[in-house]
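One structure is given here, and the rest of the page talks about it.
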Ligand code: SAH
């Protein structure tokens, strides 16, 4: 069965041609599933009964199911979703004054093995399919609909479990589906992909003709330190990463966001701030400082508020735009770096 939620409009149009249908069938289907939000082919009244039978035979509209739901005091919702093969993946809904954002997972587990991150502990189990990423948004939209406040998902960040550029094609299809005007119509500028620095992915992404955002998990301003935190830096050291970022800025015409996690006494010194300024000053990017969320799997500690502010001040005084990331859902382990679904189905809470 082909899951309709995993098809870009273009792919669906091609399939409709193969089915002997006119390409506008694809737009009709998109309208039914994303705008009118029907979940069964029988409700699609402008599609002939005979073609509905064909659709029922070959296509489905399956969503992941909610295995576990946690709601934080600040309204953040973390879901553990069960996929068709029983694997589980986490997704988080965050509420801002400008809208609702979903932190989407792109893989079950992750192979990048960053030393501070819980998602990599079990390694990668598999890539998520486009419909499994679209499904994360649709399930959140259903929850928002149930709340009855007229809200829906307006922003998506591919910053959950997994490395999106290690699942490149599926992530691009996902983006095209949620961005499509006849799809979920989430504006390109409201979609962000975050990478630890897979260079081929950055070069390709630059050439997709998308107006979406790119975030780079930088976390260290020199190779020695970055090697110790992020394995990927040994394959793609900073010089190569920075030149890929410049290529992206030139080709895509977009600036990047640098994510910089602050780890006490590791990368939060003013010396590091100075190196960071020098490293990125040739680019137009700005820095998003992330307070570290501690786990008991390593000894990293969160930088104190004073150090975070001293770091921020140094950057801004030296002409680098920077902000401190707002924190959500830390009481339900939904904060950055805490997403980690085990295949057997239990959410492991490493801090207990
Ligand atoms: N693989 C991608 C996207 C997933 S990680 C990437 O590396 O960008 C999303 C962000 O959360 C990354 O910047 C990651 O470094 C950060 N992160 C990981 N563990 C964290 C933790 N314990 N506290 C805060 N941020 C963390």
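The values are calculated or read from the model by the stated rules, or taken from the named source; none is laboratory data. Bear in mind that the values here come from a model prediction, so they are computed numbers and not experimental data. Reconstructed Cβ throughout: ideal geometry from the backbone, glycine too, with neighbour counts over all protein chains shown.
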Against the definition (more than 16 Å from the ligand (Cβ to nearest atom) and in a helix (DSSP H, G or I)), how does residue 142 come out, yes or no?
yes
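I'd like to know if the stretch 196-203 contains one or more residues that are assigned to a loop (DSSP other than H, G, I, E, B) and crowded, with 23+ Cβ neighbours inside 10 Å. Full working, then the answer.
Restricting attention to the stretch 196-203, the residues satisfying the condition of being assigned to a loop (DSSP other than H, G, I, E, B) are 196-198.
Filter once more, so that each one left must be crowded, with 23+ Cβ neighbours inside 10 Å: 196-197.
Yes.
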Considering only the stretch 154-173, how many residues are within 14 Å of the ligand (Cβ to nearest atom), touching a helix residue (DSSP H, G or I) at 6+ places or on another chain (Cβ under 6 Å) and in a helix (DSSP H, G or I)?
4
Counting only residues that are under 13 Å from the mean Cα position of the chain (by Cα) and away from the ligand (no atom under 15 Å from the Cβ), which one in the stretch 118-134 is surrounded by the fewest Cβ atoms within 10 Å (Cβ to Cβ)?
130
Name, by its number, the condition in (1) crowded, with 24+ Cβ neighbours inside 10 Å; (2) modelled with pLDDT under 95 that does not hold for residue 150.
(1)
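Can you tell me which residues in the stretch 315-330 are more than 11 Å from the ligand (Cβ to nearest atom) and touching a strand residue (DSSP E or B) at 6+ places or on another chain (Cβ under 9 Å)? Give the steps one after another, and end with the answer.
Kept after step one, since they are more than 11 Å from the ligand (Cβ to nearest atom), are these residues of the stretch 315-330: 315-324, 326, 328-329.
The answer is 315, 316, 320, 321, 322, 323, 324, 326, 328, 329.
Among the listed residues 8, 31, 39, which satisfies the condition of being surrounded by fewer than 19 Cβ atoms within 10 Å (Cβ to Cβ) and touching a residue at least 40 places away in the same chain (Cβ under 8 Å)?
Working: 8 fails: surrounded by fewer than 19 Cβ atoms within 10 Å (Cβ to Cβ); 39 fails: touching a residue at least 40 places away in the same chain (Cβ under 8 Å).
Just a single option satisfies the conditions, and that option is 31.
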Going by the structure shown, is residue 105 modelled with pLDDT under 95 and within 10 Å of the ligand (Cβ to nearest atom)?
no
Would you pick out the residues in the stretch 88-97 that are touching a helix residue (DSSP H, G or I) at 6+ places or on another chain (Cβ under 9 Å) and more than 14 Å from residue 119 (Cβ to Cβ)?
93
Hey, can you tell me all the residues within the stretch 135-147 that are surrounded by fewer than 20 Cβ atoms within 10 Å (Cβ to Cβ) and out of contact with any strand residue (DSSP E or B) (no Cβ under 7 Å at 6 or more places or on another chain)?
142, 145, 146, 147
Looking only at residues that are surrounded by 14 or more Cβ atoms within 10 Å (Cβ to Cβ) and not in a loop (DSSP other than H, G, I, E, B) in the stretch 206-224, which one is nearest to the ligand (Cβ to nearest atom)?
217
Pick from the stretch 182-203 the residues that are at pLDDT 95 or above and more than 16 Å from the ligand (Cβ to nearest atom): which of them is farthest from the chain's Cα centre (by Cα)?
203
Of all residues being within 16 Å of the ligand (Cβ to nearest atom) and out of contact with any helix residue (DSSP H, G or I) (no Cβ under 6 Å at 6 or more places or on another chain) in the stretch 340-351, which is modelled with the highest pLDDT? Just the residue, please.
341
Do any residues in the stretch 192-205 that are closer than 16 Å to residue 219 by Cβ and free of Cβ contacts under 8 Å to residues at least 40 places away in the same chain have Cβ atoms under 9 Å from those of residues that are part of a strand (DSSP E or B) and within 12 Å of the ligand (Cβ to nearest atom), where the two are at least six apart or on different chains, and which pairs are they?
195/158; 195/214; 195/215; 195/216; 195/217
Give all pairs with beta carbons closer than 7 Å in which a residue from the stretch 267-278 that is over 13 Å from residue 318 (Cβ atoms) meets a residue that is at pLDDT 95 or above and part of a helix (DSSP H, G or I); count only pairs at least 6 apart in sequence or on separate chains.
267/225; 268/307; 268/311
